[in-house]
Amino acid sequence: MILLSPLDLALAAVLILLAAGLTHWMRIGETASLLFAAARTVVQLLLIGYVLKAVFGNAHWLWVTLLGLFMLIVAGREVTVRQSRRFTGAWSVALGSFSMFISAFSVTILALTIVIDASPWYTPQYAIPLLGMVLGNTMNGVSLGLDRLTQSASDKREIIEARLMLGHRAADAIASIRSDSIRVGMIPIINAMAAAGLVSLPGMMTGQILAGSDPVEAVKYQILVMFLIAAGSIFGTAGAVWLGSRRLFDQRERLRLDRLSDKT
Amino acid sequence: MNSLRAQNIQATGLGPVSLEIETGSCVGLSGPSGGGKTRLMRCLADLDPHQGTVLFNGTSRESFNPSQWRSKVGLLLAESFWWSEKVLDHFANRHAPALESLNLSPVVLEQPVRQLSSGQRQRLALLRLLANHPEVLLLDEPTANLDHDNIERVETLIANYRAQHSCCVLWVSHDGKQLDRVSESQLIMTNGRLQGSVS
């Protein structure tokens, strides 16, 4: 395995600076957030590197659980800040976090206990990276799905209300928006599975191969991970969109767009 | 018996408003734009949160489930909205309405909604609402986009429907002469309040 020097990474950083220069020149307006995100990548990954080293050296279920919960909280926050119109109050974080918790955690625990059968099942070398991958992708699905849901509900307010006025149930009035939102949340993972290996080598597999693993063994793990990610992100997206679509109406089935924040 | 009674309806910028529409009667409502007429109708149809009670034949609104209530108390807005491509998809069980009463040709049923004129859409929206057999009609400028002949047709259709179903009607219009023709009593709404009545 060829080890990377800080100079190697600095060369890669120059590419980010060039991309930032381009967005600035084209007045796309995301230059600051691009640079900030890149800086976060460096700091967060370095930190997690040390945390993982510590947790791997001390495989206690409590540390694994705490790390898992921390990951969930951060994912919940990420889902929230990416919404252009988010639910007000505690619902903004709770909706995404709850559905991610249910889907990503159960899928990961299922894989750890039944499929991988590590001993103990929470062995951090398996638990943390798996949870991270499932959670990360579920997060994408959930935030895309919720964003589409709240966006369409505000854009199509008159149409939803036209149906309510004719005596349609709230669930029927929002049904097409709801399924459309779930579909949007599913697109990334379906694309990833369809293109896996042909267009791009999935990240985890690439990592294993770079680290010197047998490609066929790496592929087996990648298939497992793909399936876990797909299940986790589809369950999570469907759950979050379903909960969100209920929250858009009150007990008298009135469309309550006042439960969404203004566009940010 | 189809009477509608609203007591102390109150929401931001609206009310308190109380009104009663007797079985089979029509109350005309006019007043400046932005005065709260549409807002009041939305509250009566239970589309916006508000305070106050609404009774249908003495039974409180809360004892009906929301979709039941809105099928009973049909609200027709000046602008209509359509969720499906073709007109016919919007009628329950794709059951074609009686188009000739409003001078519409059967061709419109298979046409995409966006190809219809605003007047055609408005008349179809009325038929779409009546197909539900509402017992209370809340009509917000139901003839705003129509020519003289079609205004007459709509007025006749609603009068017939009202007589047949002893349905009560709240009719919003800026045309005082129309309200004289269609309603038995009239109210004026200004700044969210009902101010006296002319009749």
Next item on the list: Show the residue pairs that are 6+ apart or on different chains and have beta-carbon atoms under 7 Å apart, the first residue being within the range A:54-73 and touching a residue at least 40 places away in the same chain (Cβ under 8 Å), the second being among the aromatic types (Phe, Trp, Tyr) and surrounded by 12 or more Cβ atoms within 10 Å (Cβ to Cβ).
Entry: A:Val55/A:Trp63; A:Trp61/A:Tyr122; A:Val64/A:Tyr122; A:Leu72/A:Phe101
Check: Of all residues in the range A:229-264, which are in contact (Cβ under 8 Å) with a residue 12 or more places away in the chain, touching a strand residue (DSSP E or B) at 6+ places or on another chain (Cβ under 7 Å) and in a loop (DSSP other than H, G, I, E, B)?
Finding: A:Leu248
Checklist line | Selection within the range A:215-252 - touching a Lys or Arg at 6+ places or on another chain (Cβ under 7 Å) and buried (at least 20 other Cβ atoms within 10 Å of the Cβ) | finding: A:Val241, A:Ser245, A:Leu248, A:Phe249
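Considering the range A:115-173 alone, what residues qualify as being on the phi > 0 side of the Ramachandran plot and away from every other protein chain (no Cβ under 14 Å)? First the steps, then the outcome.
Of the residues in the range A:115-173, the ones on the phi > 0 side of the Ramachandran plot are A:117, A:167.
Residue satisfying the conditions is A:Asp117 alone.
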Note to self: Can you go through B:Asn132, B:Asn145, B:Asn150 and tell me which one is open to solvent by 60 Å² or more (accessible area, probe 1.4 Å), in contact (Cβ under 8 Å) with a residue 24 or more places away in the chain and either touching a helix residue (DSSP H, G or I) at 6+ places or on another chain (Cβ under 8 Å) or closer than 16 Å to A:Ala162 by Cβ (or both)?
What the structure shows: B:Asn145
Checklist line | Residues of the range B:69-79 satisfying the condition of being within 7 Å of chain A (Cβ to nearest Cβ) and not in a strand (DSSP E or B) | finding: B:Arg70, B:Ser71
Note to self: For the range A:184-202, give me each residue that is open to solvent by 60 Å² or more (accessible area, probe 1.4 Å) and over 30 Å from A:Thr150 (Cα atoms).
What the structure shows: A:Leu198, A:Val199, A:Ser200, A:Leu201
Notebook entry, point to check: Among the residues of the range A:28-37, is any out of contact with any Cys (no Cβ under 9 Å at 6 or more places or on another chain), of a type in the set (Asp, Glu), over 27 Å from A:Leu112 (Cβ atoms) and at pLDDT below 90?
Noted result: yes
Next item on the list: Looking only at the range B:107-127, decide whether some residue is in contact (Cβ under 8 Å) with a residue 24 or more places away in the chain, within 13 Å of another protein chain (Cβ to nearest Cβ), open to solvent by 50 Å² or more (accessible area, probe 1.4 Å) and under 16 Å from the mean Cα position of the chain (by Cα).
Entry: yes
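In the set B:Pro66, B:Pro49, which member is buried (at least 20 other Cβ atoms within 10 Å of the Cβ) and within 9 Å of chain A (Cβ to nearest Cβ)? Don't jump to the end; show me each part of the working.
Details: B:Pro49 fails: buried (at least 20 other Cβ atoms within 10 Å of the Cβ).
The conditions single out B:Pro66.
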Margin query: Quick check on A:Asp214: is it charged (D, E, K, R), more than 15 Å from the chain's Cα centre (by Cα) and within 14 Å of another protein chain (Cβ to nearest Cβ)?
Written below: no
Next item on the list: Please work out which one of (1) part of a helix (DSSP H, G or I); (2) under 30 Å from B:Ser67 (Cβ atoms); (3) open to solvent by less than 30 Å² (accessible area, probe 1.4 Å) is the condition A:Arg178 fails and give its number.
Entry: (3)
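The values are calculated or read from the model by the stated rules, or taken from the named source; none is laboratory data. A quick note: this is a predicted structure, and the numbers were derived from the prediction, not measured. Counting neighbours? That spans all protein chains shown, and the Cβs are built from the backbone with ideal geometry, glycine included. Surface areas here come from the heavy atoms of the whole protein model, side chains and all, with no ligands, DNA or RNA. Shrake-Rupley method; radii C 1.70, N 1.55, O 1.52, S 1.80 Å.
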